[in-house]
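Notes to accompany the following structure.
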Amino acid sequence: MNTLEIAKDTTQQGNRPTTQISGSQAVLEALLGEGVDTVFGYPGGAIMPIYDALYDYNDKLRHILVRHEQGGIHAAQGYARTSGRVGVVFATSGPGATNLVTGLADAMIDSNPIVCVTGQVFAHLLGTDAFQETDVINITSPVTKWNYQVTDACEIPMALAKAFHIARTGRPGPVLIDITKNAQLQLFAYEGYKPCHHIRSYRPKPIVRKEYIEQASALINQAKRPFVLFGQGVILGKAEAEFKAFIEKAGIPAAATVMGLSALETDHHLHVGMLGMHGNYAPNVLTNECDVLIAIGMRFDDRVTGRLDKYAKQAQIVHLDIDPAEIDKNVKTAVPVWGDCKETLPLLTELVESREHTEWLAHFRKLEQEEIKEVIQEELNPTTDIMTMGEVVKILNDLTGGEAVVVTDVGQHQMVACRYAKFNRSKSNVTSGGLGTMGFGLPAAIGAWYGAPDRTVVAIIGDGGIQMTIQELGTIMQFGAKVKILILNNEFLGMVRQWQQLFHDKRYSFVNITSPDFVTVAQGYGIPGRSIRERKDLKQALSDMLAHDGAYLLEVMVGKENNVFPMVPQGSSVAEIRLK
Amino acid sequence: MEDYSMEKQEYTITLYTENSIGMIGRISTIFSRRKINIESLNTSPSEAEGIHRFTIVIQETEDVVRKLCRQIEKQVEVLKAYYNTNDEVIWQEQALYKVPTSVVTEKAPVERLLRQYGASAVVIRNDYTVFETAGHREEIDALTEALAEYNLIEFVRSARIAIIKHSEGFHKKLKEFEEAEPAAEVVENRYLDKQDKVFTM
């Protein structure tokens, strides 16, 4: 490729050889400079110069043409979650950019490192209500960690360098760079790509203070009933090993948030389950009985805490987080440990005494038995003919051995998958936690596969959510992501129906949703599939799905009016969790 | 653990930021998202070259103000956010009043009022005169109210500007920010040196 040699300009800039390249080429050079290999995107008028330049970069950058920009950004999120790298999205101005907003909000609240490049109308047309012009910077500023509009090509290398630095450091998040068409076309003297490592107004990492660590370890060493809550911060900090070393030495039971799942293998003897509204019984109840609560890389979301004024009031709280704004935001902390948990956890491990809280751990296991008896047994081994979501997940676990990446959409199937899926490896749970974005599952699974192409990626999706972004089957058809699509069809918008049943006198208001013949739809996209209604076919069907070399769609008809339990009803304390 | 005051009072928030386009929008949405009214907002250069200074006044509890400042500091282009109660700052607002010149020349109480409030004339014309005064809001409001009885034609008051009494300025901090390694001051732990308060078990 000789695109960089179009016009060597050695007359300017003293002796330094510079090259005239277009803003569009500078964008692509920046991506290469950042080690990007995959871009999810959709072309359009205002981003055509970048797509024109992309034509010459085909051998270095893989571009996945999605079917909708929302699908593009969810795919980038899935890619970021399984690869631990920055997901990159291209979209055009106007509707292209506004279609990104849901994904930006999702990535913002779930701390996904994303860089979006959007085209914009010519700079001289800004503010004239030009064709496909929207004020993308202002629309996206509440849902981006940073955004910036480029109107001159000279700004492009620095803007992209800052974008990548900001997206992946500190608490990661989405960044959007809006580039006017004139800047994409403009030729400028290019001096090579320089990554950004420091922005004076941006402090991604607070320095770790020994005092916090000492105070925290003293609290932990005095504790009789310590309890660890871990979130996605452990995964984002790549601190899974440090985390495990800490809980193992201190002998502390640990429960995951939805986003923290897979940071610790499900079978670990100190893993006591999932927190939250549909989490496990023991960790919810015992949150209100522990004496020291150690929160690591989690943010005390309302779905985790339930009623705040009755949340862990008896406990001293130690909060490890990289984002100072999270400390004391929802729950008052006794010791704030600001910093990257990759650094703070080993320091803490060094100072904590080696312990085994056998009796306290047994308390968790005793309550777990109650949950098994009241909920889990029947969910995983139903005594009726009606299939449950739980038994599907259980057989999936048996077949994958916990090695698969499990991507979910949002709703009942999501909670069931998070509750019962087995994870042996980190970065295996991809779900929309904070925003609860229906339609996330299918595109995120596509991205998840590109982020970890050697792994089995299973997208568990409800009959409602799949219909929100079903067009992305076209992306699979064209580019061949080997995604296993497992639709758990209960012929209802199940989670809303469950709430209507429990809290609205069973007044089922618009939760009855009809579906197309998903297998035929998949066939239309060249994706093989099968639909089953009977338990006798379940294991073989799942096995066939996993064995197929390529994308596959399996629809399982499950019980129409099954509910997800346990449940902490909204406005209740975590200790008031209902088993039925 | 000490709790923050739960009573709403006036706070002055002082921000040091980069001077970039869109900062006002990014900062104002942090308030509007939480349905908090900004009572006054001033932006200006600061003592440090190239650094912009925001002065924002709101009525809130300390707990809320502290959280707002953390959220504001999280913005990539904000260097530092401070909040202060009224007794911790020296503050002023400026006001301009347009009154008919005839009222000033013919009505003795008006002249007295203007002297009393230290207002000075900016423009004097045959038809109207413009006065300016600076001070605390209460003083400005009182003069406005008084002048309203004398055909006050036009009135405008500026946003608050405030100097923090105990501040040493931003020059030294800016140097720390410019260093590649994070400085210790970036976050302050209110429990440091308060070991007794932490261990209540």
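Each reported figure results from applying straightforward, stated rules to the coordinates on display, with no laboratory input. As the structure is a prediction and not an experimental result, all values here were calculated from the model. Note that each Cβ is placed from the backbone with ideal geometry, even for glycine, and that neighbours are counted across all protein chains shown.
How far is helix A:210-222 tilted off the main Cα axis of chain A, in degrees rounded to 10, range 0 to 90?
Helix A:210-222 sits at roughly 20 degrees to that axis.
Would you mind pulling out the separation of the Cα centroids of the stretch A:14-82 and the stretch A:406-444, in Å?
Computed from Cα coordinates, the inter-centre distance equals 28 Å.
In whole Å, what is the distance between the alpha-carbon centres of the stretch A:158-180 and the stretch A:515-575?
The two parts, judged by their Cα centres, are 37 Å apart.
Under 24 Å between alpha carbons, and skipping anything fewer than 8 positions from A:LYS313 in its own chain: which lysines qualify?
Within reach: A:LYS224, A:LYS329, A:LYS332, A:LYS366, B:LYS67, B:LYS194, B:LYS197.
GluC sites (Glu not before Pro), restricted to the stretch A:314-392: which are DSSP loop and have at most 14 other Cβ atoms within 10 Å? Present the calculation step by step, with values, prior to reporting the outcome.
Details: sites: A:GLU326, A:GLU343, A:GLU350, A:GLU353, A:GLU356, A:GLU359, A:GLU368, A:GLU370, A:GLU371, A:GLU374, A:GLU378, A:GLU379, A:GLU391; in loops: A:GLU353, A:GLU356.
Here the GluC sites (Glu not before Pro) that fit, given the DSSP loop and packing criteria, are A:GLU353, A:GLU356.
Does chain A come out rounded, prolate or oblate by the C-alpha gyration tensor, with a ≥ b ≥ c the root eigenvalues, rounded set by a/c under 1.5 and, if not, prolate when a/b is larger than b/c and oblate if not?
Working: a/c = 2.09, a/b = 1.33, b/c = 1.57.
It is oblate, given that a/c is not under 1.5 and a/b is not larger than b/c.
Expressed as an acute angle from 0 to 90° and rounded to the nearest 10, what is the orientation of the C-alpha long axis of helix A:156-168 relative to the principal long axis of chain A?
10
Enumerate the amide H contacts of A:PHE492 below 5 Å, restricted to partners 5 or more residues apart or on another chain; note that Pro and chain-start residues carry no placed amide H.
Under 5 Å from the amide H of A:PHE492: A:ILE513.
I'd like the orientation of helix B:137-148 relative to chain B: the angle between its Cα long axis and the longest Cα principal axis, in ° from 0 to 90, rounded to 10.
Value to nearest ten degrees: 20.
List, in order, the whole-Hz ³J(HN,Hα) value for each residue of the stretch A:397-408 obtained from phi through the Karplus relation with A = 6.51, B = -1.76, C = 1.60 and θ = phi - 60°; use x for Gly and Pro.
The phi angles translate into 4, 4, 7, 8, x, x, 8, 7, 7, 9, 9, 10 Hz.
Taking a cut-off of 14 Å between Cα atoms, list the aspartates and glutamates near A:LYS422, but don't count ones fewer than 8 places away on the same chain.
Cα-Cα hits under 14 Å: A:GLU265, A:ASP267, A:GLU391, A:ASP398, A:GLU403.
What average count of beta carbons from other chains do you get within 10 Å of the Cβ of residues in A:194-207? Show your work: numbers first, answer last.
Values: counts 0, 0, 0, 1, 6, 4, 12, 15, 8, 10, 2, 3, 6, 7.
Averaged over the peptide's residues, the number is 5.
Return the loop-located trypsin sites (Lys or Arg not before Pro) in the stretch A:37-89 (DSSP other than H, G, I, E, B) with at most 15 other Cβ atoms within 10 Å of their own Cβ; answer none if there are none. It would help to have the intermediate numbers written out before the result.
Numbers: sites: A:LYS60, A:ARG62, A:ARG67, A:ARG81, A:ARG85; in loops: A:LYS60, A:ARG67, A:ARG85.
When the trypsin sites (Lys or Arg not before Pro) of the stretch A:37-89 are filtered for loop state and at most 15 Cβ neighbours within 10 Å, A:LYS60 remain.
In deg cm²/dmol, rounded to 500, what helix-only [θ] at 222 nm does chain A give when every DSSP H run of at least 4 residues adds -39500 (n - 2.57) and the total is split over its residues?
Details: 23 runs with 203 residues, N = 580.
The helix-only estimate for chain A comes to -10000 deg cm²/dmol at 222 nm.
By per-residue mean of other Cβ atoms within 10 Å, what is the highest-first order of A:117-126, A:509-518?
Numbers: A:117-126: 21.3, A:509-518: 13.4.
Per-residue Cβ counts within 10 Å, averaged per peptide and sorted highest first, yield A:117-126, A:509-518.
What net charge do the residues around B:THR17 carry, taking every other residue with its C-beta under 9 Å from that of B:THR17, with Lys and Arg at +1 and Asp and Glu at -1?
Within the 9 Å Cβ shell, the charges total 0.
Listing A:PHE503, A:PHE246, B:PHE54 from the residue with the fewest other Cβ atoms within 10 Å to the one with the most, what is the order?
Working: A:PHE503 11, A:PHE246 28, B:PHE54 21.
Fewest-to-most Cβ neighbours within 10 Å comes out as A:PHE503, B:PHE54, A:PHE246.
Determine the alpha carbon to alpha carbon distance for each of A:LYS205/A:LYS238; B:LYS35/B:LYS74; B:LYS8/B:LYS98; A:LYS342/B:LYS175 and list only those over 23 Å.
B:LYS8/B:LYS98; A:LYS342/B:LYS175
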